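Inspection log for the structure reproduced underneath, given as structure tokens.
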Amino acid sequence: MNDTLAQQSLLELLKKSTVDFTLGNRDSYQTLLTSMDDARFVLMGEATHGSLEFYQIRMILSDYLIREKGFHAIAIEGDWTSVYSLNRYLQGEMASEQVNCLLKNFQRFPQWLWNNSLMADFLMKLRQYNDLQTKLIKKIRIYGLDLYCLPSAMEA
């Protein structure tokens, strides 16, 4: 198979598996939501590291997975020691107004990806959701997947 034919085959495969949608129109991404039917894990990748549109769709999809599909954990590309305080916040171990202060803990790459007003709003909504849950229902948790500073991680 030559390179041109391989590229064409790849493009056709991508066209078949790509779902177009409009952020403000939930009906337009119903196909995407339906494709998550019985998934235990949903991975959301992106190439922009911080575009407004990606924040918005990530939060819409996360909210759907939590409320409609019973998901209770979010893992992000963030230093686990910084994200751990956000998890404690979601569990009600810190005052609800502390979210902006906690986001300032993100001092390493990708700082702007998490330390922003959209993330603060999202975390406050998750905290409100958790605060309404009974002890019988699993509360939403958040985890960091990265280890940027081994000494601080060892200390934690």
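The values are calculated or read from the model by the stated rules, or taken from the named source; none is laboratory data. What you see is a predicted model; the values in this text were computed from it and never measured. As a convention, Cβ positions derive from the backbone with ideal geometry for all residues, glycine included, and neighbour counts pool all protein chains shown. Note: areas computed on protein heavy atoms with side chains; ligands, DNA, RNA excluded. Shrake-Rupley method; radii C 1.70, N 1.55, O 1.52, S 1.80 Å.
Return the pair list, or none, for Cβ contacts closer than 7 Å from residues in segment 84-98 that are of a type in the set (Gly, Ala, Ser) to residues that are open to solvent by 20 Å² or more (accessible area, probe 1.4 Å) and assigned to a loop (DSSP other than H, G, I, E, B), at least 6 apart or on different chains.
Once the first residue is of a type in the set (Gly, Ala, Ser) and sits in segment 84-98, its partners that are open to solvent by 20 Å² or more (accessible area, probe 1.4 Å) and assigned to a loop (DSSP other than H, G, I, E, B) give 85/105.
Pairs needed: first member in segment 26-54, among the acidic types (Asp, Glu); second member anywhere, surrounded by 11 or more Cβ atoms within 10 Å (Cβ to Cβ) and at pLDDT 80 or above; C-beta distance under 8 Å; at least 6 residues apart or different chains.
Within 8 Å, the pairs are 46/54; 46/58.
Looking at segment 10-56 only, could you name the residues that are part of a helix (DSSP H, G or I) and among the acidic types (Asp, Glu)? Working first, answer last.
Of segment 10-56, the ones part of a helix (DSSP H, G or I) are 10-17, 26-35, 52-56.
Once the filter is applied, which keeps residues that are part of a helix (DSSP H, G or I) and among the acidic types (Asp, Glu), segment 10-56 yields 12, 27, 53.
Scan segment 15-66 residue by residue and report those that are hydroxyl-bearing (Ser, Thr, Tyr) and farther than 30 Å from residue 137 by Cβ. Write out each step before concluding.
First, pick out the residues of segment 15-66 that are hydroxyl-bearing (Ser, Thr, Tyr): 17-18, 22, 28-29, 31, 34-35, 48, 51, 55, 62, 64.
Those that are hydroxyl-bearing (Ser, Thr, Tyr) and farther than 30 Å from residue 137 by Cβ: 17, 18, 22, 28, 48, 51.
For residue 37, all conditions in the list (1) surrounded by fewer than 17 Cβ atoms within 10 Å (Cβ to Cβ); (2) of a type in the set (D, E, K, R); (3) within 22 Å of residue 155 (Cα to Cα) hold save one; what is the number of the exception?
Only one criterion is unmet by residue 37, namely (3).
Residues are listed down the side, and each one gets a yes or a no for (1) among the charged types (D, E, K, R); (2) within 20 Å of residue 62 (Cα to Cα); (3) open to solvent by 30 Å² or more (accessible area, probe 1.4 Å):
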| site | (1), (2), (3) |
| --- | --- |
| 97 | yes, no, yes |
| 102 | no, no, no |
| 105 | no, no, yes |
| 112 | no, yes, yes |
| 119 | no, yes, no |
| 123 | no, yes, no |
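Could you count how many residues in segment 96-118 are hydroxyl-bearing (Ser, Thr, Tyr) and in contact with a helix residue (DSSP H, G or I) (Cβ under 8 Å, 6 or more places away or on another chain)? Let's see the steps before the verdict.
We begin by selecting, within segment 96-118, every residue hydroxyl-bearing (Ser, Thr, Tyr); these are 96, 117.
If we keep only those that are in contact with a helix residue (DSSP H, G or I) (Cβ under 8 Å, 6 or more places away or on another chain) as well, we get 96.
Qualifying residue count, segment 96-118: 1.
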